[in-house]
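Down below is the structure, laid out as structure tokens.
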Amino acid sequence: QSHASLFYMLLHLLTVAFTAQDGPPNDCFSWCLPSLLGPTASAIPGVAPPASDEAAKRILGASAKSIGDVGEYLDCVRITNGTHEPIAAYALARFSLPLGGATASPTAGASQHYGCCVPKACGAEELERGFRVTLPSKLKSATETAAKTGAALDAIAAAIDGLPRNSSFSAAAAALRRDAATANQSHMPRAAAALSAAAQGAEQAAHADTALRAAAAAAAAQNKTAAAAALRAADELLRRGPGGGWMNALEKEREKLEAQAAALNASAAALAALSSAVRAMQFDVTVGSQRAGL
């Protein structure tokens, strides 16, 4: 009987060990980042928690939007559930120079605050661990995402710049197919998809171009000058047709990637500054009512 009791006790301990969660649900520290990073937070894997309801969106929106910002204390503590019970807690991270005058990061400054709104279950210990342990992985994720976006941008820009000028649509389609294959082999699915779509558009343009040239030639042979001119104009429109031709679509994708790359680089820089402050300065996190005025 004693052996059986010991067995069940061990089984219980193993079950607890394998089912226990590391801190409160939704990764407490992740609630501090989306307001700082803005729209790019959702593009960085593992950075932002899911904001599936209005209360979650309000929690995210009450956090600081820049390093040195204290966030929205009153907005945070007034977030309630359907029974008017508070569901959020305000957390403030204070950074200060260590005793002895060690030099802090230039981006951190001599003294900084960073306020964030988190679910009520989150505590100071979990958040401090987030700043010390989780933040470097978030920075790594942001940096890698920015690099991948930059690589996709470079691939599309190189494809556009490398298209054979004054050549047939068929030649352009073949070049774009090669570029799409290269992007796919380099694990750049977004660039590969955009280039493949452009190649398909160029192939369709090639078929239409052939038909239009034949029609223009037939019209010219019958001395129908106006019809021939209209057909030639239609042929030229295939390159950047009204409403966005295949080249337009590719260039718009490049513009989107340029904007996203710039935003991601800014996000990585913000995370790097925050991480630098954690490394170079003394800091502590308090959750709940704040003694000092905000």
* Members of the range 250-282 found to be modelled with pLDDT under 75 and either open to solvent by less than 20 Å² (accessible area, probe 1.4 Å) or in a helix (DSSP H, G or I) (or both), listed by number -> A280, M281
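Has the range 103-111 got at least one residue that is closer than 24 Å to T40 by Cα and at pLDDT 75 or above?
no
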* If you take the residues of the range 151-203 that are of a type in the set (D, E, K, R) and either closer than 14 Å to E251 by Cβ or surrounded by fewer than 17 Cβ atoms within 10 Å (Cβ to Cβ) (or both), which of them is nearest to the chain's Cα centre (by Cα)? -> D154
* To do: Kindly establish whether A193 is among the small types (G, A, S), closer than 26 Å to Q282 by Cβ and at pLDDT 85 or above.
  => no
* Using the structure shown, decide if L97 is modelled with pLDDT under 85 and touching a Ser or Thr at 6+ places or on another chain (Cβ under 8 Å). => yes
* To do: State all residues of the range 1-42 that are within 30 Å of A147 (Cβ to Cβ), open to solvent by 40 Å² or more (accessible area, probe 1.4 Å) and either assigned to a helix (DSSP H, G or I) or at pLDDT 75 or above (or both); if no residue qualifies, say none.
  => D27, P39, S42
* For the range 67-86, which residues satisfy the criterion of being modelled with pLDDT of 90 or more, part of a loop (DSSP other than H, G, I, E, B) and either surrounded by fewer than 17 Cβ atoms within 10 Å (Cβ to Cβ) or of a type in the set (F, W, Y) (or both)? -> R78
* Looking only at the range 112-122, which residues are at pLDDT 85 or above and within 12 Å of D284 (Cα to Cα)? -> Y114, G115
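The values are calculated or read from the model by the stated rules, or taken from the named source; none is laboratory data. Predicted model only: the values in this text are computed from it and were never measured. Here Cβ is always computed from backbone atoms with ideal geometry, including for glycine, and neighbour counts include all displayed protein chains. Accessible surface areas use protein heavy atoms only, side chains included; no ligands, DNA or RNA. Shrake-Rupley method; radii C 1.70, N 1.55, O 1.52, S 1.80 Å.
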